[in-house]
1. Using only protein heavy atoms and a 1.4 Å probe, report how much of Y961 is accessible, in Å² to the nearest 10.
2. Express the accessible area of the range 149-242 per residue in Å², computed with a 1.4 Å probe while the remaining protein chains stay in the model.
3. Of I1076, I133, I758, which has the most accessible area and how do the rest follow, probe 1.4 Å?
4. Relative contact order of the range 951-1081, please, whole-number percent, based on alpha carbon pairs below 8 angstrom and at least 6 residues apart.
5. Pop out the carbon and sulfur fraction of the accessible area of the range 971-1023 as a percent, whole number, probe 1.4 Å.
6. Considering Cα pairs under 8 angstrom that are at least six residues apart, work out the relative contact order of the range 885-984 and quote it in whole percent.
7. Hey, what's the range 321-465 come to in accessible area per residue, 1.4 Å probe, Å²?
8. Could you sort L1063, L847 by accessible area so the largest value comes first, with the probe set to 1.4 Å?
Amino acid sequence: MVENTNITEESVRFDDPGRPTLAYPSYLGILFIFTTLLVGVIARTLMHWMKTSFPHRVVMFFVGGLVGFCANRYPSFRPLVNVCYIDIDLMLLIYLPTLLFCTSYSVDSHSFLKSLPQILLVSAPGSLLTSLIVAFMAYYLIESSWNFATALLFGVICSPIYPVEVVKQLKETSKGKYISVLLLGEGLVGDATVMIEFTALYGYLAFALSNASQILLLLIRYAGGGILLGVVMGKTAGALLSIVYYDMLCAVTVTLAGAYLTYYIGEKFLYVSGLLATVITGILVSTKKSAVAGDVEQVVTNFWLIMAHATNTVIFTMVGVVVFEKLPYVISVKQVSLIFVTYTTVYCSRLLVYSAMTPILRHIGYGMTWQHCMACVWGGLRGPLCLCLALTVLQTPAVADAGEIFLIQTTGLVILSLIINATLMQKVLKLLGLTEISLAKKANMTNCVKRIMVTRDRCISMLKMDRFLADANWDLVHAGTTIKHPYQQQMSGREGDSDDETYMGYRYTTCPDCEREIPNEPTKKEFAEMMREANQRVLKAMKISYWRQYEHGKISKDGVRTLIQAVEVAADSEDGRVNLEQLGTLWRPKPPAEWLRRKLVDMLATETSTFQIPHTYGRQVCYEMASSVWFDVFIYIVILCNTPVILCEVAIPPPVPITVIHTVKILNFVFYIIYFLEMVIKMLGFGIYGYFDSNWNKLDFFIIVMATADLALDIIDTLTSWDKWRNSNSSVLTATKLLRMLRFLRLFKLARVSVPKIMGYIDKMIDIQLAYGYDVGKGFVTGEQEVCNLLPQLVDNVQIQETLNSRLEADRLTVTRQLGLLQRDRPWTAITVKTRQATTSTLNIMLLDAMQLKEEGFLDEMEYTLLVNAIQDKVQQCRHRGSLVAPSAPETQLRAVSWLQGNERLAEFFLDNSEIINYNNEDILISRGEEPKGIYILVSGLLEATYIPPDTDVKESIPNYEFLTDLKFSEMKQDFIVSGNAVGVLGVLTNRPYSYTVRCESAVQAYFIKMHIVKEAFVLAPHPIMGLEASMWREIGIKLAMLVLPTVPTYHSWSSDRLSMRLEHAFVPCLKAFKIFAVNELMEDIVLLDGVCQDMTTGELFQPPCYIPRTVHRLILPNSSQLLLKGNYNSETKLLIIPAKDADELDIMEDEIDDVQCELVSNASSRCLYHKVLRKLSADPRSQSRRTRPKRRRAVRRVNYRESVWGKRQTSSSNIPAGTSEKELSSKYYKPSLVDFPERLEPTKLKEKQLESVSVTKSHVSSFTSHTDSEQEIFATTLTKNKRNSNGGRDGRD
């Protein structure tokens, strides 16, 4: 302690062992790190507020320089910055895995692999060439005392790039995606190359490597071992990541541990390139992103972005501290000038490398133009690896003097590249023409901006109705919510366009007559560019659809990965179309598996397949014996017993004891007799030809012939003096041993027992592969259908829309047909996929419901966690379930039809009154123009439905075709129908001729339910809401609503699953008794399915299928005389009512039949209620006396919806038809047939005829006027009545 008192703080050098590092508290280092992070946050916030493009890392370097300068001038600061001098190995271990893994994990794996030839070419040779050029410059200009190895080390340190800032700007441009991938790949592979070069040179300068062979072996071991370690760790981390699906903490921990363990094991244990291994691990893990949930993957990505940001902030601050505290004396005018020389040399060498390699780069990967080449040259920023390697040299005593200059020059190079290149990158891209935006992108952005502004206007109009916001300053709201076009700066302005700031994307011509602006047709070049952009947008929509299906449990993780890869390959192709031939291999068995299974089947072919049972008694006995299972078991046991004898005879070396020789000979003779008798028995039982038809018998015959030759040698050995055991010089010994070895062929016969197991395993593998293919195909078909529905929103050019729609529809039909054929051949594979999909979809809906319960306050945090964990366990079990599901029985399929679920009585009725019919390929089930004849429920096989538009445009009804995929009724359509679907439902409901033809694409089995059976079933279940007819209309209505509602602005952002769950409570009521339909507050939305109706307020006519706006309050139905349209509307109006939340269907309809709100048609006649009451009063002789009596006040009677539709139920025993069971009478679905009550119908028909004859004599005008007056009168009368009742009730309460 006394000796150290003379050491002053000024005399302590950086490399002095006496520097008191341990004397400073360790918590000061933690204080410095987290204070640096906080300062970085403040600096970043100020930069965002000032909207400056100055690099954040440069700001943190100067912040560190300021702290280092203070520490140099004021010694009290030194304990705080002491952490900046930590061991460089520890610094590399802490910081490098984070930077490398973050970059490699965020890179697009498909684009990276496609650009890998370009990346390898510019990273490995390019890095070496850059190092050599910079080394020559440093050797002659920077420091004359350096040898060439030291100068080359300096060149290697200046080579790696870290283009993070540039990549962010490139991704914002339309043509910068592939450049960004190339730069990121060059940075990753270049870092690994530089690290390997640095290790070799560093070892040479430290005298650890003395000759070229040692350096070469080091490079091979370092690079090869790093690649192998990266593959192993990447596969391991990916497998662990696929296990944790919803676990966010485990997913982050797996990636964190994988990155650091890979680097640490490689560098410290295996002495291979941990940097290269970490890069490969990150890329392989990025390919497994689909193995976790979408929100979990987003958390992992954000975690690594935060880690990389924190690492860059700390590294640049620490380097600034070191440079300005310990090396201020090195900074001079010469060194600053040399920094610019180094910067110029580095980028000139980079330009030379790319210029030399451009002819090769143009023909590999994504290609390369000279503009892309210049962008890559300018975008090669230098990063933290250069600084870390310079600090490594600075801490090495052998090259510490050179390390000071290394650090100054490298730091200046990094800072200059960030200040100049990163700041001016956008201008360089604009100068190169890479920021130009295509016409299609401009038009698409224009449409999006207009849509957002329309949404804004609707939102403001709704907020104005809020009583709390009514007095807001709406002018400021409009000004504060008006957004500018993102491409406004690049828009070529026109005169008079100052008011329309969202205009962009089209050129207009003003008509000289009407002065209207007409959009010009795009040129061929613009059209090709628009088509290319539309293809990319469609592919992006497909990718989003696949991810959404995966999140909802409709595709497996492997399936979505395959589909995403197929889309990415299509994005790189010229036509932008998914390769269906490549996908088609997934739903066809692999040829090797089919060949092996066919061979195994041939091996199992029975011996009795080619001959008849013998007639003689002796041969019959032999046949029964050879065909017996016990006979085969006995032969197998003999073979097992013979095996040790064969081994003993072959393995025992001479001389062999005489007892062993005799024992082996006796046993061989016994086994030979048994095998010979087996052959004789089979020949007698099966016949000579039948015996040799079996491959196993051919093998037995060959072995017996060989055994006969061996037995002959044994006889010669016994009867003569020649000894085959001891005569090793005999030439016959070799043949003898060969014959004995052939006995092992008999063991192959034992493999016959395991052949069924092998076949079962092969069948299982084929089924799993085909199930996977069916899963991929199902996801592809769903994605194509969703994108077809989104085409009007994605593309605004009609010609491009039609082209893309026809292409997508053709691809969808092709894959649908292949899936149908696969389901026909192997139904269990399709059933397995469908069962898994239905299970996972249901579980995802349950998760959403649990989340809603939590938001509504029914569940606290702990209860919600327990419930979600229980559901997620089921999700994991379903995702990892590998067993196949057998197809359901035909009866089960019929019971599972949507409009029969829960009604066992109807299911039994249909089973009793229908039959399964077999149809051959090309048979016609339904022909266009035929009258409906019943319903087909497909049990197995594949049907092709071809829709042909009707000859006349019928707007009052939808066409008789229930397999619609869009609302374009005027176009021909084609679709394929698989098992479990019902055909002909709409024809039964509407009684209109078929508009389509159904043809058997394969052999088909289907239930056929005749028309009169369905009509009888309607009577068995006549409930107006839950009956059979209403349930059938509900299914048709939901299918149509799934096509109609997405066109409504309210449902634009709704997914198909969310929309289907919203429609789950929808119903289709019976409106036969209605003339005026009132929309009450319990109805959320209404969709017109069939027939017509009219808005009573505006007179707008609605034609099916369409959405009834929420502004409509009363609808006029065709039964009403107020329908202000001429014509005879025969189609009954059908409305799909979507109730409000927690509203009951019967409550809605009971409220509907209030006589103040709506008008009903009489059940017994065609008269309105008013005229029916007047007629009854005039026919009643006591009507006059009733009129003189004072009116009795009573409450408004609530009309029963069931009675208004059915009429009052006949409850007397005389009206109940004979044969009706007690169960039928007690059923809520029971309603007596109208045939059983003819007395109710005859008077009605007579009155209708009389009214018809009277109405003919009246003029149309007077009829219309009288009906209108009567309806107005009854409405006024009922309204006055209700007012009186309400006043009476109020008086009573008073």
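The values are calculated or read from the model by the stated rules, or taken from the named source; none is laboratory data. Bear in mind the structure is a predicted one, so any value in this text is a computation, not a measurement. What goes into the accessible areas is simple: the full protein's heavy atoms, side chains included, and nothing from ligands, DNA or RNA. Shrake-Rupley method; radii C 1.70, N 1.55, O 1.52, S 1.80 Å.
1. Here the residue's solvent-accessible area equals roughly 0 Å².
2. Working: 3640 Å² over 94 residues.
Computed with neighbouring chains in place, this is 39 Å² per residue.
3. On the way: I1076 5, I133 50, I758 75 Å².
Heavy-atom accessible area, descending, gives I758, I133, I1076.
4. Values: 74 pairs, mean separation 29.9, N = 131.
After rounding, I find 23 percent.
5. Details: 900 of 1650 Å².
With neighbouring chains kept in place, the figure for the range 971-1023 is 54 percent.
6. On the way: 79 pairs, mean separation 34.8, N = 100.
Here the relative contact order equals 35 percent.
7. Details: 5970 Å² over 145 residues.
Per-residue value: 41 Å².
8. Values: L1063 0, L847 25 Å².
From most accessible down to least: L847, L1063.
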